Structures are given as structure tokens and as C-alpha cells.
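J.: I have a structure here, written as C-alpha cells, and I will follow up with some questions on it.
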Amino acid sequence: MGEEKEVMSHVISNPSFEVEVPETLHQIGQDSWFQVGLVLTTTVNCAYALGYAGTIMVPLGWIGGVTGMVLSTIISLYASTLMAKIHQYGEKRHIRYRDLAGFMYGYRAYVIVWGLQYANLFLINIGFIILGGQALKAFYLLFREDHEMKLPYFIIIAGLACVIFAVSVPHLSALGVWMAVSTFLSIVYFSIAFALCLKDGINAPPRDYSIPGSSSSRAFTTIGAAASLVFVYNTGMIPEIQATVRAPVVDNMLKALYFQFTIGVVPVHAVTYMGYWAYGSKSSSYLLYNVSGPVWLRGLANIAAFFQSIITLHIFASPTYEYLDTKYRISGSVLAFRNLSFRTVVRGGYLAITIFLSALLPFLGDFMSFTGAISTIPLTFILPNHMYIVAMRKQISSLQKSWHWFNILFFSCIAVAALVASVRLIAMDSKTYHAFADL
């Protein structure tokens, strides 16, 4: 706490809100733009993408779904580039989102952004463990239909695999070859899902593409699906990822983002549209539940999704690991006894809490929608626009400022609407599901 208090007291006492960027014991400025682009692409093409046909296209339909996916791609690229361009605002390199907020707005903003970001990343990590458990369960059910193994058991297995990976890989830059592995795994399950959906779609009778539900329920599901679009392309941790890229920092990060939002988004669009075309309103929130075909092929896709979820979780957990490693001065050899035991106990403890909550509330997607409303949308769209106004106030015109203020107000309204919809979903599902449910 000493370091953090020292930094925070400097923020309070300095009227210009200049924050001395805390030292980090993780690697900074070592990665090529291509490796960072693969990290960003991994977050987009994670196994979550296997659910977008059901969670986005079904509530929105063809016109709303395709329009939403395309607009979300463009808007997310725009917001991400705003964050990338102010990474070195004030001649300082802001390696954490909270540091940039503190530098611009002061201590209170530092704390608020820190809380919002970590709550958001924690719930995303819970989602990845649930997703890993679902992939394992789907694999299991291909060979046995006795249902003796329940979803919470598979969630625990997935969580333990995440602990092993977290102990083995010390920081984000150390992923290295794992990015190639992750890309390969994504290609495996996307290719299989796409091919099996195409086969099923060709052989299936005409599908129902109507939006299910009553008029009132459709309004809420539409808002929820619109909020889900925020998760498709965004991490909420652009400064932390940009911290790993080598100089020139802004130019290389922009290259990585352009890679993510061009080549990187093709698979998620292709599988989402193909899945909805093949199954219509019956599309599942995990597309591999819908597909038919050779058992070994479906099993391979599920195992690939399982392992890719472990790698992607590590990316979203890295800000937490960086904070803990820096706070307790964990540096040096990866295999040093102190470092290895620290990662085992501390990261294992963090993931143990995550595993427990994942198994306890496997319908936590509703809570993620709630967190998205109060944290992901502000961190991804609202704050970047306001930060850009603050950073570039002398360089941008009044018209440009008006445009950014419009974005701030528009996405604030979206956040409020998504908050109302998510609270309704939580209230409804809490009556339907129970703790440690086998979904």
C-alpha cells in the first residue's frame, strides 16, 4: 500500500494532477505490433464468439444483427484509436488505465476507474471459466449421456487448468508462442463450426428467423443484445495492452488495432452469420450445441475452445497479476522458489474465488450485462471520448468537440438502458435457476 499511497498523495497535492507512473515489474515496451495485434485478435476470436449467433443475432434478427455487428466494429475501432493516441499524454507513458485517469482527473477518478476496470475484468474471467466448463461438458456429452458429471464439476476442472497456466506464464509479454497456439485453436473451432453449420444449413428445412418473445420482452432483449455488442470487440484494458508494445508506441498500437479490426474480425463475423443462417431463432448461446456431424470433429472443436479460453482468460487477468506482482516485488527468475510459490498461492487464490463464483452462479452472463452497463460501456466509449477532449482540447475544433460530446451523451443513454435491461434479466433468472445449477 505504501507505493500506492505515495502515488495517490502526489495526485492530490499536485494541482495539475500529474501522476508519477508506478514502477512495474512486468515487461514494458518489448513486443512487436504484430504480437500485440495477435493479443487483441485473441480477445475478439475467443470462444465467446461461438455464442453471438444466439445472444446477438437471435434478439436482433438479420437486419439489426448484421448492422449492429458492423457498426460495433467501426465504433470500437474508433474508440480504441482514441485511447491509443493519448497513451503518452503529458509526455508520460500511462501503462494502466487508472494511471491515465488519475493524471487527467485526479485521485477520485483514479479510484473509480480502478474499481470499474477490475470488476469488469473479474466478471469477464468468471465468464471464461464458465465457458471452459461448458466446452468440457459438451465434449463429455458426446461420449456419455448419463449426466453424472454436472456443469459445476467441469467448471472446477477448467478453473484448475487456468491456475496451472497462470502459475506457468508470469506476464502478458511471456505469452509469446502461446499467441500462435491460441490463433491455431481459434482457427480449429471456427473452421469446424463454420463447416458444420454450412452442412446443417444446406440440409435443413426452412428456418424461422423471427425475433422471439412478446413486444415488451423483445424490447429488453434487444437492449441486452445491443449491450452484448460492446463485449465483442473491446477489452477495457487498451492502456495495459499498449504498455507491452515497443516504440514508436502510438504508431505500433494503431497498426495492431488496424490488424485486429480488419483481418482479426473476419472469423467472428463469418461464424456468427453462418450459425444464424443455419439454425435461425434456435441458435444456441454456445454454437457447438447446435451442430451435427462426426463426433471426433465436434469433440476437437470443444477441446480447442476449452484450451483457447484458458489463454484468453490469462490476458484479461494480467492487470490483476501485474498489480500484485509489482506490489509484492515479484521479479527475477520465473522458476525461483519465492516467485513460483507466490504465483501459486496468490494467483491460485484469486482464481479459486473466480472458480467458486462461476460454479455458484453459472448464469452470471446476466451479471456481466449489468457490469457492462456500469463499467464496460463507460470504459470503452464514454471515457475515451472525454479523455480525448481533455488531451486534445487545443488541437481539435469546436465541431470535433461537439462530436465527442454527442458520443458521450449517446453511450451514457445506452448504458442506462442496458442497466435497466440487465436488472430485469437478473430478477427473472434468479427465479428460474438455483445455485450450482447444471445448465
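The values are calculated or read from the model by the stated rules, or taken from the named source; none is laboratory data. These figures come from a predicted structure and were not determined experimentally. Every residue, glycine among them, receives a Cβ derived from its backbone with ideal geometry; neighbour counts consider all protein chains shown. Ligands, DNA and RNA are stripped out before the accessible areas are found, and what is left, the full protein with its side chains, is counted by its heavy atoms. Shrake-Rupley method; radii C 1.70, N 1.55, O 1.52, S 1.80 Å.
J.: Near Lys401, which lysines are there with a Cα under 26 Å away, not counting those fewer than 8 places off in the same chain?
T.: Lys85, Lys92, Lys255
J.: Still on this model: Using the charge dipole of the chain (Lys, Arg: +1 at Cβ; Asp, Glu: -1 at Cβ; taken about the Cα centre), state which of Tyr52, Gln395, Ile382 has its Cα farthest towards the positive end.
T.: Final value for the positive-end residue is Gln395.
J.: Quick one: accessible surface of Tyr350, probe radius 1.4 Å, all protein chains present, in square angstrom to the nearest 10.
T.: That residue has around 40 Å² of solvent-accessible surface.
J.: On a straight-distance basis, which lysines could pair with Lys137 in a cross-link, Cα separation under 30 angstrom, same-chain partners fewer than 8 positions away excluded?
T.: Qualifying lysines at Cα under 30 Å: Lys150, Lys199, Lys282, Lys431.
J.: Test of understanding: in a Gaussian network model of the chain with alpha carbons linked when under 10 Å, which of Ala158, Ala417, Ala301 would top the mean-square fluctuation ranking?
T.: Ala417
J.: Lys/Arg Cβ at +1, Asp/Glu Cβ at -1, dipole of region 33-431 taken about the Cα centre: which of Ala317, Ala421, Ala226 is farthest positive-ward?
T.: Working it through, the farthest residue towards the positive pole turns out to be Ala317.
J.: Who wins for biggest fluctuation among Ile192, Ile377, Ile396 in a Gaussian network model of the chain, springs between alpha carbons below 10 Å?
T.: Ile396
J.: Moving to a separate point now. Over all directions, average the projected area of the Cα convex hull of region 33-431 and note it in nm². Could the numbers behind the result be given before it?
T.: On the way: hull surface 81.2 nm².
Its average projected convex-hull area is 20.3 nm².
J.: Dipole magnitude of the chain about its Cα centre, charges +1 at Lys/Arg Cβ and -1 at Asp/Glu Cβ only, in debye to the nearest 20?
T.: On the way: 27 positive and 21 negative charges, 73 e Å.
In debye, rounded to 20, the chain gives about 360.
J.: To the nearest 10 square angstrom, how much accessible area does Val271 have with a 1.4 angstrom probe?
T.: About 10 Å², ignoring ligands and nucleic acids.
J.: At 222 nm, what helix-only mean residue ellipticity would the chain give, in deg cm²/dmol to the nearest 500, using -39500 (n - 2.57) for each DSSP H run of four or more? Please list the in-between numbers first.
T.: Numbers: 17 runs with 294 residues, N = 439.
Helices in the chain give a 222 nm mean residue ellipticity of -22500 deg cm²/dmol.
J.: Could you sort Trp403, Trp114, Trp277 by their accessible area in this structure, using a 1.4 Å probe and putting the largest first? Write down the numbers at each step before the final one.
T.: Numbers: Trp403 125, Trp114 55, Trp277 80 Å².
So the residues, ranked largest to smallest area, are Trp403, Trp277, Trp114.
J.: Using heavy-atom solvent-accessible surface (probe 1.4 Å) with all chains present, what is the largest-first order of Arg338, Arg93? Walk me through the numbers before you get to the answer.
T.: Working: Arg338 130, Arg93 60 Å².
Output order, biggest surface exposure first: Arg338, Arg93.
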